[in-house]
Amino acid sequence: MSSFQVPVGISNRHIHLSEEHIEALFGPGHQLTKTKDLSQPGQFACEETVTLIGPKGKMDGVRVLGPARKASQVELAATDTFKLGVKPPVKDSGDHEGTPGLEVVGPKGSVQMEAGVIIAARHIHIHPDDAQKYNLKDGDHVQVRVGGPRGGIFDRVLIRVSPNYDLDLHVDTDEGNAFSLKNGELLEVVLD
Ligand SMILES: [Zn+2]
């Protein structure tokens, strides 16, 4: 088999919060309020939003995604970083080495993140059964082909394998807009 199809999910800027930061921003004992399940099992969008403040500007209404994580993480599109005046590197989720921080403001307080602002590396979530079927392993990189009038190839798409994952390609809004992608559209993963 030389290719297979994957649905694309386009991620808008968002924030994952630690328990400590949830309480600092929303008050002691606060529990996140789920509004919508996301495509990956157990992940959800929350009613809660925050304001991000960078050296050059701020952004209101940035969505909190649950559940709580060990360390807070802000995921931005490159366009957002210009507005805020931060220069995060492209990183895999959870890798905060060399990343900048930001001030985060909630209804009950604010926190100064020392690190954890990233432009998320595009990636494919895949279940081990599918990974085996396509001879892929965690940490591999593949190419994804986009058709249509603004088509092209996403190079170096990271493969992330876990029994908790459903098949899904995650890109950010800049990447989605550049290729005129629609949420849920099927794209072609090219295998060597
Ligand atoms: Zn993802």
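Computed from the coordinates by the stated procedures, all read-outs in this text should not be read as laboratory data. Remember, predicted model here, so these are calculated numbers, not experimental data. Positions of Cβ are generated from backbone atoms using ideal geometry, with glycine treated the same way; all protein chains shown enter the neighbour counts.
Points to keep in mind about this one:
- Extension gain (nm, one decimal) between Asp155 and Gln43, 0.36 nm per residue minus Cα-Cα: 37.7 nm
- FRET E, pair Ser110, Asn183, Förster distance 35 Å, beta-carbon r, rounded to 0.05: 0.65
- More than 20 Å apart - percent of Cα-Cα pairs taken over the stretch 12-120: 33 percent
- Within the shell defined by Cβ-Cβ distances under 13 Å, the residues around Leu186 carry a net charge of -1, with Lys and Arg each +1 and Asp and Glu each -1.
- Where only DSSP H runs of four or more residues are counted, the chain gives -3500 deg cm²/dmol as its mean residue ellipticity at 222 nm, each run worth -39500 (n - 2.57).
- Cβ-Cβ FRET estimate between Asp138 and Thr35, R0 fixed at 22 Å, reported to 0.05: 0.10
- Here Ile126, Ile153, Ile53 are placed in order of increasing Cβ neighbour count within 10 Å, fewest first, which gives Ile153, Ile53, Ile126.
- For the stretch 13-29, the Karplus equation 6.51 cos²θ - 1.76 cosθ + 1.60, evaluated at θ = phi - 60°, returns couplings of 3, 7, 9, 9, 10, 6, 4, 4, 6, 4, 5, 5, 8, 10, x, x, x Hz by residue, with Gly and Pro reported as x.
- Summed residue charge, Cβ within 12 Å of Ala121's Cβ, Lys/Arg positive, Asp/Glu negative: -2
- Residue order, fewest to most surrounding Cβ atoms within 10 angstrom, among Val62, Val146: Val146, Val62
- Taking Cα centre as origin and charging only the Cβ of basic (Lys, Arg, +1) and acidic (Asp, Glu, -1) residues, the dipole magnitude of the chain rounds to 420 debye.
- FRET efficiency for Thr51 and Val90, using Cβ-Cβ distance with R0 set to 22 Å, rounded to 0.05: 0.35
- With semi-axes defined as the square roots of five times the eigenvalues of the C-alpha gyration tensor, the equivalent ellipsoid of the chain measures 30, 18, 14 Å, largest first.
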